[in-house]
Each structure stands twice: as C-alpha cells, then as structure tokens.
Amino acid sequence: MLPKNIIKRKDMLNCMLCKDAPCKVCPKFDPSMALRSIWFNNEDVASLRLPEGTPCMGCDAPCEKSCLRSEGLPIKALMTKLYEEVRPMAETDIPSDEDRLKCDLCGIPLENPFLLSSSVVASTYDMCARAFEAGWAGACFKTICNLDIHEASPRFSAIKGDNGTLQGFKNIEQLSDHSLAENMGIFRKLKQNYPSKFILASIMGQNEKEWGDLARICEENGADAIELNFSCPNMQEDGLGSDIGQVPELVERFTRAAKSGTKLPVLAKLTPNVAAMSPSAEAAIRGGADGIAAINTIKSIVDISPFTFVSAPAVKGKSAVGGYSGNAVKPIALRFISELGLHPDMKGKHISGMGGIETWRDGLEFILMGSGSLQVTTAVMQYGYRIIDDLKSGLNYYLAQMGIKSVKDIVGAGLDSVSDTTDVLERDTILFPKFDNDKCIGCGRCIISCNDGGHQAIRFENRIPKLDGSKCVGCHLCLLVCPQDAISPSRKRISR
C-alpha cells in the first residue's frame, strides 16, 4: 500500500531551496537534497538516501545555524522524521537503474519521459547542454521562425502562494530571437555532443512554404522530431500561433505543409484557448501529424494595480493578454489530455503532455491520462534544471513500488475512470468524513466552512468537532479546509 505523505510541503515553508545551500555543512550527508526531495513529493527516496543509523542523533545542528532564514528551519527534526517515520514505511529499496523510465516519442528512444518544453529554458546551447548533463532526456527548443523578434521588458508576472512560490505564471514572451542560422548551429552542436538526447524542433511558419522549409532545415541539422507551434498566445502578428490552433482548417493545412518538408515525426502543439481540442486534433491527424503536444499557455490577465489600473507585467503603462502557466493550470491541462487520450483518432498517436508539471506525481497524472512524454517549463524557471533528479527518482521509485516494469505500460491507464458528464456517477450512498482527534487542534475551520459553505453538519463540543450524520451529504469540504489534515474519508459508505 502506498503510504500517504507524512511530511508536507507546508512543514518546510521557510526553506528557500538555495543554490549551493549553506545547510550542506553536515559532515554525514547533504540535507539540502533531502529537503528538496520533500518539497517535490519524493520523501520515500529522500528517507532511503539517508545514511544508516539515526543520522541526527547527538548533533548540534550546524545545518540549522547556517540557514539563511533568520527564523531558521527545523532541519534536524525533519531529517529525524524522515528516518524514523518515513523510512520504515518505504516498501522497496531505491531501484538500481532507471530502465523502467525508458520510453519513446513516435518510436524514437527516450531515456526517460521528461523533456524541456519550448521556451526560454531551452533557448541556447549552454542551457540545453546543462539540462542534458543534469539528466533531462531532451528538449523542445524555443520556437524557430523567420520573424524579427523583439521582446518587451518586463515580460513576466505571477500569482504567488503564501510562502512566495509561484502558483501561476504569466508571460508575454514570443519566439526565439536567434537567427535561423544560429539556431541550426546550436542543433548541430547539441547532436554532436549529446547524440543520445532528443531534440524536438518547435517551428512556426508564416505560410505553407515556410512551414515546409523550416521542417526540412531542422531535419537536416539534427532534429529528431518537429513540433508545430499552433498555440503561442503572444504573437504580435495576426494569423499566427493560437490564431491557427483555433481554426481546424488552418491546423490541417499547415500540418500537411510541414509534413511535406520532412520525414521526421511531427507533433501539432495545440492551444487550450478553445472549448474543445478535438476538432483541431482531428484536423492535425488529417494533415498527417504523428501526434499532439498540449497544452500551451492559457490567455490571461493577472494582478491589476489598484493605483495605475494596469495589469502585470506593465510595460510603460500598458499591458497585454498573455499566456498563463504553472501548477495552477494543471487541472485544465489534464482535462485536455484526457480528451485527446479518449479520442478514437488518437489511437496509436503520441501525446506529449505539459501544463503545470512540477513533481513526479504531476507527471504521473499526465501519463495516466495518455501522455507518452512530458514537457516542463515553469517549474524549471522557478527551481532550475535540478528538479529532474526528483522527477526521475520519484517516478522510478513509484514504478518499482507498484511492480510496474515500464512507464509505457501505464500510459492512459486512468482514462477508463474519466467521463465528460456526471451522469455516470453513483448517487445512492454517502461517504462520511472521519475526524482524527489526535491531530485535531480544535481550530473550528471545518465548522465555519460547513456552516457557511456546506450543510451545517458539524458542531463544536468543547472545541471538538462532531458530525451530524442526519445532515451530512458527504461533500468533503471539511477535508479540504482542515489545516491539520485531521479529517479523512471513512471506509464505509452509508445508503441514503
């Protein structure tokens, strides 16, 4: 049985995940790596990487004294919890290899499912090389074009969580500002120095001939596959990017044009700025696409100033609708991936999924909805290429723990549970919440939410919540708002 995470991200909100973290002063192990693994939902692996014996016993915690936060972080307590509580629950040893992660994109081998997505994180030779050295299987290079690109400054904004992390991220960035010749030089150098790494060439043409020419030139210079950018929401010129992705006839026409210029596999990258992605996906397949990449960023407006009345990022008193990404868009991305995964025209076609992937668990959800490969940008922009360690080790450990021999064996395994309507749901029983009085501290948040947003089914008795089963409908709002995780679903369903 997979244990519920014992240590939560909120237990270490003060951690800044520093570069060359000062807490590495520990002579026994590197606590910064363990902290990072906790942050990225990989605590089992973190616990098993600790040295044998209670590693922090008798230690005066120099790691805590070196912390850059003035209020510090309870590193010793967290490491002790990893060793004493998490480690005994680990169900298997850390796998000795990563063979379970091997997969492919349209038949071309990938070391693992994780690729950089087309963006600033994959826009130079040095950046891609450092990512490859870190362990990424490949990169979808920032979109190549013949346009004269001039970027605005600033061009990023974000919605932040209580601890300052980026929950949602807005950009008004466009395509590669390098010349075609410069980008092809990068491709040749990457392929020469990293022959086993996957280069996915994102392209955008202005007409049919240009789509075909760009596809051909990328193939000639070492690309392994082509991705057609029908989805960028930030183009200055009309009729490009998401303007194409919203019109199935244009998707089909330009897919066919790109396919005419190359023998490589071609993915159509579609926009989420539509009610349904299927019409454009069907058009891409008719045009000869070998698969679909989704989603790109969602058109958005964020952070309107109460003083200037301008949204962010503000450029000399003006702003613009831009692309929204980050973990906040993951539910929307999964909805579109499942739509593609369930579509009969997608049988045998590759889906490269993206949109809010930050942890291995996020990636797993995309795989279960039908993604054969995964692309990441915003999490890398926030935390760096180093996140690949926990993406790979976490997913690899999960597969070993579940007895799954290959990640390819579970692509689409969750689709049978998905329906686009609620009429398939059983409605004759109630699953009541269960209160853990040992965890409950009597804050009453469950009662406030149930009274004002639910069904008035919880009461306070000496600061202890009590359930009124005659009123409870099993909506589980109380589970979601409890700050102590002191409420869980009961195991028994009650007939209405």
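Among the residues of the range 75-108, write down those that are touching a residue at least 12 places away in the same chain (Cβ under 8 Å), outside any helix (DSSP H, G or I) and not small (G, A, S).
E91, T92, D93, I94, P95, E98, K102, C103, D104, L105, C106, I108
Of the residues S338, S319, only one is crowded, with 21+ Cβ neighbours inside 10 Å, of a type in the set (G, A, S), assigned by TED's automatic domain parsing to the domain that holds L374 and under 18 Å from the mean Cα position of the chain (by Cα); which? It would help to see each step written out before you state the result.
Details: S319 fails: under 18 Å from the mean Cα position of the chain (by Cα).
Within the list S338, S319, the selection yields S338.
Taking G469 as meeting all but one of (1) at pLDDT 95 or above; (2) surrounded by fewer than 13 Cβ atoms within 10 Å (Cβ to Cβ), write down the number of the exception.
All conditions are met except number (1).
Got a sec? Which of A276, A284, A294 is closer than 16 Å to P248 by Cβ, buried (at least 22 other Cβ atoms within 10 Å of the Cβ) and in contact (Cβ under 8 Å) with a residue 60 or more places away in the chain? If you could, list the steps in order and put the result at the bottom.
Values: A276 fails: buried (at least 22 other Cβ atoms within 10 Å of the Cβ); A284 fails: in contact (Cβ under 8 Å) with a residue 60 or more places away in the chain.
Among A276, A284, A294, only A294 is closer than 16 Å to P248 by Cβ, buried (at least 22 other Cβ atoms within 10 Å of the Cβ) and in contact (Cβ under 8 Å) with a residue 60 or more places away in the chain.
Answer yes if at least one residue in the range 82-100 is surrounded by 16 or more Cβ atoms within 10 Å (Cβ to Cβ) and within 15 Å of M12 (Cβ to Cβ), and no otherwise.
Yes, the range 82-100 has at least one match.
Criterion first (under 22 Å from D243 (Cβ atoms) and either crowded, with 20+ Cβ neighbours inside 10 Å or among the charged types (D, E, K, R) (or both)) does S325 satisfy it? If you could, list the steps in order and put the result at the bottom.
Numbers: under 22 Å from D243 (Cβ atoms): yes; either crowded, with 20+ Cβ neighbours inside 10 Å or among the charged types (D, E, K, R) (or both): yes.
Considered against the rule, which asks whether it is under 22 Å from D243 (Cβ atoms) and either crowded, with 20+ Cβ neighbours inside 10 Å or among the charged types (D, E, K, R) (or both), S325 comes out as yes.
Only one of (1) loosely packed, with under 15 Cβ neighbours inside 10 Å; (2) modelled with pLDDT of 95 or more; (3) on the phi < 0 side of the Ramachandran plot is not met by R36, so which one is it?
The number of the failed condition is (1).
Can you tell me which of (1) closer than 28 Å to P331 by Cβ; (2) in contact with an Asp or Glu (Cβ under 7 Å, 6 or more places away or on another chain) is the one I199 doesn't meet?
(1)
Restricting attention to the range 204-244, which residues are free of Cβ contacts under 8 Å to residues at least 40 places away in the same chain, in a helix (DSSP H, G or I) and either outside the structural domain of G287 (by TED's automatic domain parsing) or not hydrophobic (A, V, I, L, M, F, W, C) (or both)?
If the condition is that a residue be free of Cβ contacts under 8 Å to residues at least 40 places away in the same chain, in a helix (DSSP H, G or I) and either outside the structural domain of G287 (by TED's automatic domain parsing) or not hydrophobic (A, V, I, L, M, F, W, C) (or both), then E220, D243 are the ones that fit.
Of the residues A181, A152, A158, which is assigned by TED's automatic domain parsing to the domain that holds A258, in contact (Cβ under 8 Å) with a residue 24 or more places away in the chain, of a type in the set (G, A, S) and surrounded by fewer than 22 Cβ atoms within 10 Å (Cβ to Cβ)? Quick ask: steps written out before the conclusion?
Numbers: A181 fails: in contact (Cβ under 8 Å) with a residue 24 or more places away in the chain; A158 fails: surrounded by fewer than 22 Cβ atoms within 10 Å (Cβ to Cβ).
On inspection, the qualifying residue turns out to be A152.
Can you tell me which residue in the range 215-241 is modelled with the highest pLDDT, limited to those that are surrounded by fewer than 24 Cβ atoms within 10 Å (Cβ to Cβ) and among the small types (G, A, S)?
Per the criteria, the residue is G222.
Please verify whether the range 133-140 includes one or more residues that are crowded, with 19+ Cβ neighbours inside 10 Å, part of a loop (DSSP other than H, G, I, E, B) and in contact (Cβ under 8 Å) with a residue 24 or more places away in the chain.
Within the range 133-140, the subset crowded, with 19+ Cβ neighbours inside 10 Å is 136-140.
Then drop every residue that is not part of a loop (DSSP other than H, G, I, E, B), which leaves 136-137.
Retained after the next criterion (residues that are in contact (Cβ under 8 Å) with a residue 24 or more places away in the chain): 136-137.
Among the residues of the range 133-140, at least one is crowded, with 19+ Cβ neighbours inside 10 Å, part of a loop (DSSP other than H, G, I, E, B) and in contact (Cβ under 8 Å) with a residue 24 or more places away in the chain, which makes the answer yes.
The values are calculated or read from the model by the stated rules, or taken from the named source; none is laboratory data. All values derive from a computational prediction rather than experimental measurement. Counting neighbours? That spans all protein chains shown, and the Cβs are built from the backbone with ideal geometry, glycine included.
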